[in-house]
Amino acid sequence: MKRILVLSDSHSYFDKALKIFEKEKPDIVIAAGDGIGDIDDLSYVHPEATYYMVKGNCDFFERSHSEENIFEIEGKKFFLTHGHLYDVKRSLSSIKEIGKKLNVSIVVFGHTHKPYIEKDGDIILFNPGAAEDGRYGVIILENGNMQLFHKQL
């Protein structure tokens, strides 16, 4: 079983990201940008977890992380992006299309600050909400099954 913490939009509220991590004790952290420095710091404080992260539109000076990441965890293919490149505040159609084109199981994004989950065919869209507001997501992967939850501190 893998316990995955999903964070986005911490916007320099490292203390909240740390509290969330210590409450959930995840194996893996997925971070969808806008506070990438917080997640870098978290990875130094808690190096025992595996980290997947991207930068967001507010991570102006960040040069060591990309804006998109594709990876696999226990046979599930993930597409991670902040969401601004796909105009997710206006519509989710572009991000759904890229998810289908990439043939992923789940698209993780942030940017809107609103928790969101939708199953569209074989793809799940998942936004954990803004960590600066104490909102986050948890994904449990076990024996090929995936459970997704929205939580709040």
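The values are calculated or read from the model by the stated rules, or taken from the named source; none is laboratory data. For clarity, every value in this text was computed on a predicted model and none was experimentally measured. With ideal geometry, Cβ positions are generated from the backbone for all residues, glycine too; neighbour counts draw on all protein chains shown. Ligands, DNA and RNA are excluded from the accessible area calculation, which covers all protein heavy atoms including side chains. Shrake-Rupley method; radii C 1.70, N 1.55, O 1.52, S 1.80 Å.
One residue is enough: does the stretch 22-45 have a residue meeting the conditions of a type in the set (Ser, Thr, Tyr), on the phi < 0 side of the Ramachandran plot and either in contact with a helix residue (DSSP H, G or I) (Cβ under 6 Å, 6 or more places away or on another chain) or in a strand (DSSP E or B) (or both)? Please lay out each step first, then the result.
So the first thing to find is which residues in the stretch 22-45 are of a type in the set (Ser, Thr, Tyr), and the list is 43-44.
Among the residues that remain, those that are also on the phi < 0 side of the Ramachandran plot are: 43-44.
Applying the additional criterion that residues be either in contact with a helix residue (DSSP H, G or I) (Cβ under 6 Å, 6 or more places away or on another chain) or in a strand (DSSP E or B) (or both) yields none.
No: the stretch 22-45 contains no residue that is of a type in the set (Ser, Thr, Tyr), on the phi < 0 side of the Ramachandran plot and either in contact with a helix residue (DSSP H, G or I) (Cβ under 6 Å, 6 or more places away or on another chain) or in a strand (DSSP E or B) (or both).
So the check is Cβ under 7 Å with 6+ separation or different chains; which pairs have a first residue in the stretch 135-147 that's farther than 14 Å from Val108 by Cα and a second one that's basic (Lys, Arg)?
Ile140/Arg3; Leu141/Lys2; Leu141/Lys76
What residue, of Asp41, Asp27, Asp15, is in contact with a Phe, Trp or Tyr (Cβ under 6 Å, 6 or more places away or on another chain) and open to solvent by 20 Å² or more (accessible area, probe 1.4 Å)? Spell out how you get there, then give the answer.
Working: Asp27 fails: in contact with a Phe, Trp or Tyr (Cβ under 6 Å, 6 or more places away or on another chain); Asp15 fails: in contact with a Phe, Trp or Tyr (Cβ under 6 Å, 6 or more places away or on another chain).
Of Asp41, Asp27, Asp15, the one residue that is in contact with a Phe, Trp or Tyr (Cβ under 6 Å, 6 or more places away or on another chain) and open to solvent by 20 Å² or more (accessible area, probe 1.4 Å) is Asp41.
Do you know which residues across the stretch 133-151 are open to solvent by less than 40 Å² (accessible area, probe 1.4 Å) and over 11 Å from Arg3 (Cα atoms)?
Result: Gly134, Tyr136.
Could you check how many residues of the stretch 75-89 are in contact (Cβ under 8 Å) with a residue 12 or more places away in the chain and either of a type in the set (Gly, Ala, Ser) or loosely packed, with under 14 Cβ neighbours inside 10 Å (or both)? Write out each step before concluding.
Initial filter on the stretch 75-89 (in contact (Cβ under 8 Å) with a residue 12 or more places away in the chain): 75-86, 88-89.
Among the residues that remain, those that are also either of a type in the set (Gly, Ala, Ser) or loosely packed, with under 14 Cβ neighbours inside 10 Å (or both) are: 75, 83, 89.
The number of residues fulfilling the criteria is 3.
Only one of (1) over 19 Å from Val107 (Cβ atoms); (2) open to solvent by 20 Å² or more (accessible area, probe 1.4 Å); (3) of a type outside the set (Val, Ile, Thr); (4) within 14 Å of the chain's Cα centre (by Cα) fails for Asn69. Which number is that?
The one condition Asn69 does not meet is (1).
How about the stretch 83-134: which strands (runs of 3 or more DSSP E) wholly inside it have at least 3 residues that are closer than 18 Å to Gly33 by Cα?
Working: elements: 106-108, 116-120, 123-127.
Answer list for the stretch 83-134: 106-108, 123-127.
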